[in-house]
1. Which residue pairs have Cβ atoms closer than 6 Å, lie 6 or more positions apart in sequence or on different chains, and pair a first residue in segment 251-278 that is open to solvent by 30 Å² or more (accessible area, probe 1.4 Å) with a second residue that is within 11 Å of the ligand (Cβ to nearest atom)?
2. Given the criteria within 28 Å of Phe6 (Cα to Cα), away from the ligand (no atom under 16 Å from the Cβ), without any contact (Cβ under 8 Å) to a residue 60 or more places away in the chain and open to solvent by 20 Å² or more (accessible area, probe 1.4 Å), does Val188 qualify?
3. Of the residues Ile261, Ile278, Ile292, only one is closer than 30 Å to Ala181 by Cα and not assigned by TED's automatic domain parsing to the domain that holds Ile394; which?
4. Looking at Val183 and the list (1) away from the ligand (no atom under 16 Å from the Cβ); (2) closer than 30 Å to Glu217 by Cα; (3) modelled with pLDDT of 95 or more; (4) of a type in the set (A, V, I, L, M, F, W, C), which single condition is not satisfied?
5. Does Ala111 satisfy being outside the structural domain of Arg391 (by TED's automatic domain parsing), within 16 Å of the ligand (Cβ to nearest atom) and under 28 Å from Arg63 (Cα atoms)?
6. Does segment 73-81 contain at least one residue that is within 30 Å of Asp208 (Cα to Cα) and open to solvent by 10 Å² or more (accessible area, probe 1.4 Å)?
7. Taking the condition under 26 Å from Ala367 (Cβ atoms), modelled with pLDDT of 95 or more and assigned to a helix (DSSP H, G or I), does Arg276 pass?
8. I'd like the full set of residues that are of a type in the set (Val, Ile, Thr), modelled with pLDDT of 95 or more and within 16 Å of the ligand (Cβ to nearest atom), limited to segment 147-180.
Amino acid sequence: MKTVAFSTLGCKLSFAETSTFEREFLEAGFTVVPSTGPADIYVVNTCSVTAMADKKGRNFIGRLHRLSPEARIVVTGCQAQLKAGQLADMEGVWAVVGSEYKGELLKIATAPQLDRKVFVEPIGQSLKYFPAFSTTERTRAFLKVQDGCDYHCTYCTVPLARGDSRNAPIATVVSQAKEIAAVGFKEVVITGVNTGDFGKSTGESFFDLIKALNDVEGIERWRISSIEPNLLTEEIIDWIAAGTKFLPHFHIPLQSGCDRILAAMHRRYNTDFFRRRIEYVRSRMDNVFFGIDVIVGFPGETKEDFDTTYRFLEQIRPAFIHIFPYSRRASTPAADMPGQVSEQEKKARVQALEQLCEELHGEFCEANRGRREQVLFESTNKDGKMFGYSRNYIKVERDFDPSLVGQIVDVIL
Ligand code: SF4
């Protein structure tokens, strides 16, 4: 077995884990090949956040088996943790590797033979922390700083797949950041399941973490992949606003703009708190990019509730709305709630928010026209154009210039 192909079907956190597996296989002498072609081993890092994600995972595994019937398929990630038996029964699957065994994935994948296919411990037992960071992308790296979640929102299976909130010590994360800087990355995105909840298993704090990361030489820009509104404290906002390498770009889950629905979701804030948090950030920083997550069609969400959410978004005017139609997930309290919304109605609500998002994003970009900004240009050359993102996450294009790849450049938007 000499060739291996990697696929990530999930989030930035999974991407960082896959990239870590890839480094381990490379160190073991494997050649990495694309998963669109034949390979001796396929490693698939799955997602299970929605029913659609599960379906995509199974279809993808089926496609790999048809591509290379002799190949070993090793499945890991959230679907592996939640649906191990189902996946183990699929043709071509050599092993299903859950959270607890991620550190042994290479050994399991390359073992001469196995006495079982399923390497999954029930969530709830003492869970190891699998440190990870990505160096596969060329422009920005993803650094996993936290795993698991203790929040148990009523619609979410993530705590069931990833266990309790835990993390590596700040010293470990800082040394990983130094490794990333050593290979030349200028921008890093810190990621986790509930990133702002960093410190639960080490008695440290998210604030101490970002202060320590800010001092890592060579990394010039830090982004926070996502943070719960109640964990983005005024202390952190004041510190970021005082001039650090952390950028004016916040991805914050709102989920609903209706307090009754937020309560049914067991979210840890109401709309008044959320609005005041946004306003506080805006009072401390200019031209901040807010990306806001919203779930439409949560059980019991009436048309009036949805209109309330729509008006709330019009009020806080984020730069972008990440829209998710509610997905009924087994073993979650919301799955048994009354007032399940029809797929057709969910679709209509998604479309309404997509239109609003287009308007708001256009408005945000227009408000930045003519401003001086700093853009980190990427390596892609599409029809003679290259792309990059400003500090406040506006996508920018210009004529391709190879000397600017991976460089942070002053521009007028
Ligand atoms: S905070 Fe996020 S990951 Fe945690 S339970 Fe809620 S939705 Fe899921």
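1. From segment 251-278, the pairs are His251/Ser226; His266/Cys153; His266/Thr154; Arg268/Asn230; Arg277/Pro229.
2. For Val188, the condition - within 28 Å of Phe6 (Cα to Cα), away from the ligand (no atom under 16 Å from the Cβ), without any contact (Cβ under 8 Å) to a residue 60 or more places away in the chain and open to solvent by 20 Å² or more (accessible area, probe 1.4 Å) - is not met.
3. Going through Ile261, Ile278, Ile292 in turn, just one is closer than 30 Å to Ala181 by Cα and not assigned by TED's automatic domain parsing to the domain that holds Ile394: Ile292.
4. (3)
5. Here the answer is no, as Ala111 does not meet what is asked.
6. Yes: one or more hits.
7. Against the criterion (under 26 Å from Ala367 (Cβ atoms), modelled with pLDDT of 95 or more and assigned to a helix (DSSP H, G or I)), Arg276 qualifies.
8. Thr154
The values are calculated or read from the model by the stated rules, or taken from the named source; none is laboratory data. Keep in mind the model is a prediction, meaning the values are calculated, not measured. Here Cβ is always computed from backbone atoms with ideal geometry, including for glycine, and neighbour counts include all displayed protein chains. Surface accessibility is based on the protein's heavy atoms, side chains included, excluding ligands, DNA and RNA. Shrake-Rupley method; radii C 1.70, N 1.55, O 1.52, S 1.80 Å.
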